[in-house]
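Q: Take a look at this one; I'll ask things after.
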Amino acid sequence: METPEIMMQSGNYTTIRIPGRAFPALAIQGDSLKLLQLAVSELGAELSRGNLDEATYAMNEVRNSLEDMVAVYEEACLRAGQELPYTP
């Protein structure tokens, strides 16, 4: 079995090249994953209650987390000369 290669680590995210896969993967620390899940749950709850201000806040938390993940992934791919699996 081949060993995965760490391409880049930034904060709570690590980009990993997995043998046999065409594109790298992004690993996320467990606490960051849980915070993202809680923000999505909060978003749903606030929307159910009709509280758009709080739902907007939760949505911004989710968006910011995902934007950070994508930025780390894209930077790692750029540094490694790896094409992205999508058009930015």
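FYI, it's all coordinate maths here, none of it is from the lab. Keep in mind that this is a model prediction, so the values were computed, not measured. Here Cβ is always computed from backbone atoms with ideal geometry, including for glycine, and neighbour counts include all displayed protein chains.
Q: From the phi angles alone, apply the Karplus equation (6.51, -1.76, 1.60; θ = phi - 60°) to the range 43-56 and give each ³J(HN,Hα) in whole Hz, x where the residue is Gly or Pro.
A: 4, x, 5, 5, 5, 4, 7, x, 8, 5, 5, 5, 5, 5
Q: What distance in nm separates the simple spin-label points at THR3 and VAL62, each placed 7 Å from Cα in the Cβ direction?
A: If labels sit at THR3 and VAL62, their model points lie 3.9 nm apart.
Q: Between LEU38 and SER10, what is the FRET efficiency for a Förster distance of 22 Å, r being their Cβ-Cβ separation, to the nearest 0.05?
A: On the way: r = 22 Å, r/R0 = 1.00.
In this case the efficiency is close to 0.50.
Q: Quick check for me: using +1 on Lys/Arg Cβ and -1 on Asp/Glu Cβ, what's the dipole size of the range 5-80 about its Cα centre, in debye to the nearest 20? Don't skip to the answer; put the middle values down first.
A: Numbers: 6 positive and 11 negative charges, 77 e Å.
The calculation lands at about 360 debye.
Q: What whole-number volume per residue, in cubic angstrom, does the convex hull of the C-alpha atoms of the chain give?
A: Working: hull volume 10.3 nm³, N = 88.
Taking only Cα atoms, the chain has a hull volume of 116 Å³ per residue.
Q: Between ALA45 and ARG79, what is the spin-label point distance in nm, taking each point 7 Å from the Cα along the Cα→C-beta axis?
A: The modelled label-to-label distance comes out at 3.7 nm.
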